[in-house]
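Colleague: Pasting in a structure now, in structure tokens, and then I'll have a few things to ask.
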Amino acid sequence: MKVYVINKDGKPLMPTCPAAAILLLKDGKAKVIRRTPFTIKLLYQAMEYKQEVIAGMDTGSKKMGSAAVANGEVVYQSETELRTDISRKMQRRKTYRRSRRSRKTRYRKPRFLNRGKVVKMERGLT
């Protein structure tokens, strides 16, 4: 588990282990900003040294994984479950639309005098 760290100016630093974060909190050198994910903010000026972080993603058909690795240690990893019901929902929507368009509505008066040429002829405007 890692604790995320923000410097005094609000810029992110490299994550630290929970033991180091507890020591900083006990000494009054840091304060808790967020509980999930656990993030602390330093109350003193620190160096802005950052290590190279490599991000990777693995896309699958049902699940997608992502991870961030720094110095051979996993800093962040997650797994996301992708939706698999989209094609079924699109098919259902298509069926509803087609049935709506092909439905005969008896209550509606026939409208055939709303065309440009027909309206002009009825009014005597040829």
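Colleague: May I ask you to list the residues in segment 61-75 that are exposed (fewer than 10 other Cβ atoms within 10 Å of the Cβ) and at pLDDT 90 or above?
Modeller: Listed by number, the list holds a single entry, Lys62.
Colleague: Look through segment 40-95, keep the residues that are among the aliphatic types (A, V, I, L, M) and part of a loop (DSSP other than H, G, I, E, B), and return whichever of them is farthest from Asp9 (Cα to Cα). Can you show your working first?
Modeller: Narrowing segment 40-95 to residues among the aliphatic types (A, V, I, L, M): 40, 42-43, 46-47, 53-55, 57, 64, 67-70, 74-75, 82, 86, 90.
Adding the requirement that they be part of a loop (DSSP other than H, G, I, E, B) leaves 43, 46-47, 53, 82.
Working: Leu43: 9, Ala46: 10, Met47: 11, Val53: 21, Leu82: 37 Å.
So the residue we want is Leu82.
Colleague: Cβ-Cβ under 9 Å, sequence separation 6+ or interchain: first residue in segment 81-101 and within 27 Å of Ser66 (Cβ to Cβ), partner hydrophobic (A, V, I, L, M, F, W, C). Which pairs?
Modeller: Glu81/Met64; Leu82/Met64
Colleague: Mind listing just one residue for me: the one in segment 77-125 that is surrounded by 10 or more Cβ atoms within 10 Å (Cβ to Cβ), modelled with pLDDT under 80 and of a type outside the set (A, V, I, L, M) and, of those, nearest to Met57 (Cα to Cα)?
Modeller: This residue is Arg115.
Colleague: Taking segment 17-56 as the region of interest, how many residues are in contact (Cβ under 8 Å) with a residue 24 or more places away in the chain, surrounded by 12 or more Cβ atoms within 10 Å (Cβ to Cβ) and under 21 Å from Ala67 (Cβ atoms)?
Modeller: 2
The values are calculated or read from the model by the stated rules, or taken from the named source; none is laboratory data. In this text the structure is predicted, and so the values were computed from the model without any measurement. We place every Cβ from the backbone using ideal geometry, glycine too, and count neighbours over all the protein chains shown.
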